[in-house]
Amino acid sequence: MKSNPSDYDLPVEFADAIARARPRLGRLGSTILFHASIGSTNDAAASRAAARSPERLALQPSPEGLVVFADEQTAGRGRRGHTWFSPPGSGLYVSVVLAPGRARVDPERATRLLTLAVGVALADAVEAAAGLRVDLKWPNDLYVARRKLAGILAEAAGDAVVVGYGVNVTAASFPPDLRDRATSLESELGRACDRAVLFAETLAALDARYADLLEGRFDAILDAWRRRAPSAHGGRVRWTTPDGEASGVTAGIDDEGALLVRVGERIERIVAGELRWD
């Protein structure tokens, strides 16, 4: 690998797809670092984002828009340390450095809504590239017929946020513990899906939804997420509290992106944690 890779370090089909999509990419993808194999794209992106010296921020280029893309992850992970199955050539394993804190309107709210915005972007991209409608599940997953297709992991890195996403593209042999819970685009479509086109579409869709965040168009993100999230209303969920296990029925999300759950006669507001969907 060169020390300062360009798009042309990508496999040629990916470089060509990015070149065709370039007018729609804005700042995202101005630098793309490709790895045939890597431990974690999020770790690599976070290392780049955190490498800027606080004393020289004004002199160093912002890492915003940096993309790390790998053909394989050997230590891919999801939320709460869960392993993300990332075999070579079978999915998209991508991390992008973003800076929602520079939003023109309410940067704190923009940061809180970032994961939802990325979910909407991935759903937009899958529909554009593969013609497949997917469902969003709070807070960070994409599903088709109750099987997980993609996931998102957002992590702070200095003054930036690294957003990683993994999409199952080919019908790889899932481990036994995933076979009944995961799916791929190839499995759902009954045909191959062009990974290069999907990669470019995810960046283009993410650029558009990220622009919504930065410009304060929060309602556009929330409305799009709600339209794609049937489980956010009427779904049965369980979670652990300091007092033991709780359960309830989902009642939508509020304008800050928190999940609302009806427990008896009251509404609980959930902003984080491990939910189990029945």
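The values are calculated or read from the model by the stated rules, or taken from the named source; none is laboratory data. Because the structure is predicted, anything quoted here is derived from the model rather than measured. Cβ atoms come from the backbone with ideal geometry, glycine included; neighbour counts cover every protein chain shown.
Here are some notes:
- As for segment 75-82, it holds at least one residue that is modelled with pLDDT under 90 and aliphatic (A, V, I, L, M).
- Elements of type helices (runs of 4 or more DSSP H) contained in segment 164-256, each with 3 or more residues being in contact with a helix residue (DSSP H, G or I) (Cβ under 7 Å, 6 or more places away or on another chain): 195-214, 218-227
- Residue in segment 206-215 that is on the phi > 0 side of the Ramachandran plot and either small (Gly, Ala, Ser) or at pLDDT below 95 (or both) present: no
- Single unsatisfied condition, Leu114 versus (1) touching a Pro at 6+ places or on another chain (Cβ under 6 Å); (2) free of Cβ contacts under 8 Å to residues at least 12 places away in the same chain: (2)
- Pairs where the first residue, in segment 89-107, is more than 21 Å from Asp159 (Cβ to Cβ) and assigned by TED's automatic domain parsing to the domain that holds Gly119 and the second is among the hydrophobic types (A, V, I, L, M, F, W, C) and in a loop (DSSP other than H, G, I, E, B), C-beta under 6 Å, 6+ apart: Ser90/Ala172; Gly91/Val169
- Any hit, segment 152-160, residues being hydrophobic (A, V, I, L, M, F, W, C), over 19 Å from Ala75 (Cα atoms) and in contact with a helix residue (DSSP H, G or I) (Cβ under 8 Å, 6 or more places away or on another chain): yes
- Lone qualifier among Ala110, Ala145 - being small (Gly, Ala, Ser) and in contact with a helix residue (DSSP H, G or I) (Cβ under 6 Å, 6 or more places away or on another chain): Ala110
- Annotation note: Cβ proximity below 7 Å between a residue of segment 70-87 that is part of a loop (DSSP other than H, G, I, E, B) and a residue that is at pLDDT below 65 (sequence gap 6+ or interchain) occurs for Trp84/Gly78.
- Cβ pairs under 7 Å, 6+ apart, first in segment 175-194 and in the same structural domain as Lys148 (by TED's automatic domain parsing), second in a loop (DSSP other than H, G, I, E, B) and among the small types (Gly, Ala, Ser): Ser184/Ala171; Ser184/Ala172; Glu186/Ala171; Glu186/Ala192; Ser187/Ala171
- Among the residues making up segment 243-267, those that are out of contact with any His (no Cβ under 9 Å at 6 or more places or on another chain), surrounded by fewer than 17 Cβ atoms within 10 Å (Cβ to Cβ) and of a type outside the set (Gly, Ala, Ser) are Asp243, Glu245, Asp254, Asp255, Glu256, Arg262, Val263, Glu265, Arg266, Ile267.
- Selection count, segment 238-258, where residues are hydrophobic (A, V, I, L, M, F, W, C) and either under 20 Å from Ala117 (Cα atoms) or at pLDDT 95 or above (or both): 4
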